[in-house]
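> Here it is, the structure in full.
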Amino acid sequence: MELFHLLQKAGIIADSIIQEEQPYNDPHLKERKFFVEVTNPEIGTYATPGSTDKMPKVPFSIRKPPGLL
């Protein structure tokens, strides 16, 4: 049993820590097509979170990549 389950059973609010790559491999997020690929001319193509709402009559698109820091 994971530590956070033991803590929760003891009445302590706890959860697991999500590693950086875990959301990208999550079957539920993959099924929902949550991540979209964006191409930035300076750094290449990468996955980024898309729209959290899935409304068929309201199309979602990323018009341009975010600025670089």
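Throughout, read-outs are computed from the coordinates displayed, never taken from laboratory work. Here the structure is a predicted model, which is why all the values come from computation and not from measurement. Don't worry about glycine lacking a Cβ; one is built from the backbone with ideal geometry, like all the others, and counts go over all protein chains shown.
> Which whole-number percent gives the relative contact order of the chain, counting Cα pairs below 8 Å spaced six or more residues apart?
17 percent
> So, one more: What are the ³J(HN,Hα) couplings of the stretch 26-32, residue after residue, when phi is run through the Karplus curve with 6.51, -1.76, 1.60 and θ = phi - 60°? Round to Hz, x for glycine and proline.
So the J values, rounded to whole Hz, are 5, x, 5, 5, 5, 4, 7.
> Here is a further query. Can you tell me which aspartates and glutamates have their Cα less than 13 Å from the Cα of residue 54? Leave out same-chain residues fewer than eight positions away.
Within reach: 31.
> For residue 14, enumerate residues with amide H under 5 Å from its amide H, sequence gap 5+ or separate chain, H modeled in the peptide plane.
Residues meeting the amide H criterion: none.
> Quick query: amide H of residue 40 versus all other amide H atoms, modeled in the peptide plane; which residues come in under 5 Å with a sequence gap of 5 or more or a different chain?
Amide H to amide H, under 5 Å and 5 or more residues apart or across chains, residue 40 pairs with 45, 46.
> Follow-up question, since we're still on this one. When Rg and Dmax of the Cα atoms in Å is calculated directly from the model, which label among [x] 11.7, 41; [y] 19.6, 67; [z] 17.3, 51 fits?
[z]
> Taking the Cα centre as origin and putting +1 on Lys and Arg beta-carbons and -1 on Asp and Glu beta-carbons, what dipole magnitude results for the stretch 19-69, to the nearest 20 debye?
With only Lys, Arg, Asp and Glu charged at Cβ, the dipole is about 380 debye.
> List the aspartates and glutamates whose Cα sits under 20 Å from the Cα of residue 64, skipping any in the same chain fewer than 8 residues away.
Within reach: 37, 42, 53.
> If amide H atoms are built 1.01 Å from N in the plane of the peptide, which residues on other chains or at least 5 residues away come under 5 Å of the amide H of residue 50?
35, 36
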